[in-house]
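Have a look at the structure below, then the notes.
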Amino acid sequence: MQPVELIGVPIDLGAGRRGVDMGPSALRIAGLAGALEALGYVVVDGGNVEVPQREILDEGEPDLRFLGPINTVCRSLYAATLAALKAGRIPLTLGGDHSVAMGSVAAVADHARSEGGRVGVIWLDAHGDMNSPATTPSGNIHGMPLGCLLGDGAESLVNIASRVPAVDPEDVSLIGIRAIDPPEADVIRASRVNVFTMRELDARGVQAVMEEAVERLVPRCDRLHVSFDVDFLDPGIAPGVGTRVRGGPNYREAHLVMEILADTGLLCSADVVELNPILDRENTSGQLATELLASLFGKRIL
């Protein structure tokens, strides 16, 4: 087994509500390292990427709030992720808001290309994360990371990877979306991203959707990155998120998602983001996220 490196990114600059900066601590307290070690992994905790204090920062432009510091943090995460990959480790990014994926995914994509490979991205989220400065209703950059990775966004964020776009739309499966801003919906429909809404999960079942999502990527890609936003889950089981959207996967459906991804044997890296302990109940969501990550990394019932 490859060792796993935990990389904390305690950032909430991309979000509208405060608290997700405590996500890395909540996951560590929930026993994430121990859960992975129980599966046979050697776990290296790389500590946290440095994040500036929000209260002393200038928000900047209203359609790109905290652009400068978010760019700096994502580039630091890019370097840390690339170092972990070069050391033969599986980087597991602990967010923080979803803006961190601009750094982690860019690094994974560049590393894959350097080895003559190609990374497929599984994006588990209630939201599309494909807004841009032209479409955003809030200016919150955590609603833009997938768009930036696909080449649409602020120039400094689009150019974190060595190539633009960092990933091709056909190499992305966006799963579980159910709360989309109208202008963003137009962007998603026009993209070539593989999109599976919650209606499709409801109508077809989790197994059929996940198998198709994987099948669309595997012929093109030799490894997978999973970007797991905790608000992908129904808030009835995961209340500790800042942007709750009812109607997400339940407990067993969520485990099945992770188990199907684990069965591919292609996992090379992952993010877990948007966990907000302030809005949680006794770290329930942190503990659930830890359980689901264990399934993603190969935990089985038998």
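Every read-out reported here was derived from the displayed coordinates using simple, explicitly stated rules and does not represent laboratory data. What you see is a predicted model, and the numbers here were worked out from it, not measured in a lab. Positions of Cβ are generated from backbone atoms using ideal geometry, with glycine treated the same way; all protein chains shown enter the neighbour counts.
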request  = Starting from the amide H of Ile90, placed 1.01 Å from N in the peptide plane, find each other amide H under 5 Å away whose residue is 5 or more places distant or on another chain.
outcome  = Val4, Glu5
inquiry  = If exposed means no more than 16 neighbouring beta carbons inside 10 Å and the site is in a DSSP loop, what's the longest run of the chain without any exposed trypsin sites (Lys or Arg not before Pro)?
reply    = 19-117
message = Can you work out the Karplus-derived ³J(HN,Hα) for every residue in the stretch 239-249? Use 6.51 cos²θ - 1.76 cosθ + 1.60 with θ = phi - 60°, whole Hz, and x for glycine or proline.
response = x, x, 9, x, 10, 6, 9, 5, x, x, x
note = Here the stretch 37-45 yields Karplus 3J(HN,Hα) values (6.51, -1.76, 1.60; θ = phi - 60°; whole Hz; Gly and Pro given as x) of 5, 5, 8, x, 7, 7, 10, 10, 8
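Which of Leu64, Leu27 has the fewest other C-beta atoms within 10 Å, and how do the rest follow up to the most? Spell out each step's value before the answer.
Values: Leu64 22, Leu27 28.
Listing Leu64, Leu27 from fewest to most nearby Cβ atoms yields Leu64, Leu27.
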message = Give the residue list of GluC sites (Glu not before Pro) in the stretch 35-93 that are DSSP loop and have at most 16 other beta-carbon atoms within 10 angstrom.
response = Glu50, Glu59
Base-10 log of normalised Debye intensity for the chain (one unit scatterer per alpha-carbon) at q = 0.10, 0.13 Å⁻¹ = -0.45, -0.81
key: Per-residue ³J(HN,Hα) for the stretch 87-96, Karplus 6.51 cos²θ - 1.76 cosθ + 1.60, θ = phi - 60°, Hz, x for Gly and Pro   = 7, x, 9, 8, x, 10, 7, 9, x, x
ask   = To the nearest Å, what is the center-to-center distance of the stretch 176-200 and the stretch 1-36, using C-alpha atoms only?
value = 27
key: the stretch 212-271 versus the stretch 129-144: alpha-carbon centroid distance in Å   = 22
